[in-house]
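Notes follow once the structure below has been shown.
The values are calculated or read from the model by the stated rules, or taken from the named source; none is laboratory data. Values in this document were obtained by computation on a predicted structure and should not be read as measured data. Note that we place each Cβ from the backbone using ideal geometry, even for glycine, and neighbour counts take in every protein chain shown.
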Amino acid sequence: MAPSSRTTLKSLLSVSTAENIQACLIKSLPKATPEELKGLSTLLAPLSDQAGDRKHCLRCHVEYSDNENHKKACKIEHNEEGDSERTNVGSDEMTTTLFCCGIKFDAEHTGCPTRFCIEALHTTDPRKVVYYDEDKWKGNENVIPCAQAGCLKKRKAVKDVGPSRVSKKLK
């Protein structure tokens, strides 16, 4: 490939959104020649390798690969248990505070503003996970260790059956 073509492609890829690049590639696949498909496969080989390397998120307990991971991939829903108190003395308005993450909202008028307590990158690093400490009542009560979630037994069963190519939430 000529240097100017490399520069042009690099510039195009740098300014385009991931969604636009993905849509363009998918749309082009049916008309691509065998040589173009081989070239694209060669360029995307690292992604293919990553897709086969399954990991277990220590926060949400989902199996994932690095190319599926993004800043909102790890999601944990609210447990909807909370405590309500009067917003102002003498007012009928109530403010609800969820026990899981401490989010506050007007349950009567607006409802909970988000579905999830946590939206973050998946992680295999225990230092990046704040587990709930029942003795101190600290942390998010929905974030529990793998031993408590039963993941170790489930992951052993999956290994005995064989690897899954589909991301599944372990519950």
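Residues in the range 156-167: is at least one part of a loop (DSSP other than H, G, I, E, B) and at pLDDT 85 or above?
Looking for residues that are part of a loop (DSSP other than H, G, I, E, B) and at pLDDT 85 or above, one finds none in the range 156-167, hence no.
Could you tell me whether any residue of the range 68-75 is surrounded by fewer than 10 Cβ atoms within 10 Å (Cβ to Cβ) and either basic (Lys, Arg) or within 30 Å of CYS146 (Cα to Cα) (or both)?
Yes: one or more hits.
Quick check on the range 101-120: of everything there that is in contact with a Cys (Cβ under 6 Å, 6 or more places away or on another chain) and not aromatic (Phe, Trp, Tyr), which residue is farthest from HIS70 (Cα to Cα)?
The selected residue is CYS101.
Would a scan of the range 50-60 turn up a residue that is more than 20 Å from ASN140 (Cβ to Cβ), hydrophobic (A, V, I, L, M, F, W, C) and loosely packed, with under 12 Cβ neighbours inside 10 Å?
No; the residues of the range 50-60 include none that is more than 20 Å from ASN140 (Cβ to Cβ), hydrophobic (A, V, I, L, M, F, W, C) and loosely packed, with under 12 Cβ neighbours inside 10 Å.
Output the number of residues of the range 104-122 satisfying the condition of being of a type in the set (Val, Ile, Thr), closer than 23 Å to CYS74 by Cβ and surrounded by fewer than 15 Cβ atoms within 10 Å (Cβ to Cβ).
Counting residues in the range 104-122 that are of a type in the set (Val, Ile, Thr), closer than 23 Å to CYS74 by Cβ and surrounded by fewer than 15 Cβ atoms within 10 Å (Cβ to Cβ) gives 1.
So which residues in the range 123-144 are farther than 13 Å from ASN79 by Cβ, in a loop (DSSP other than H, G, I, E, B) and charged (D, E, K, R)?
ASP125, GLU134, ASP135, LYS136
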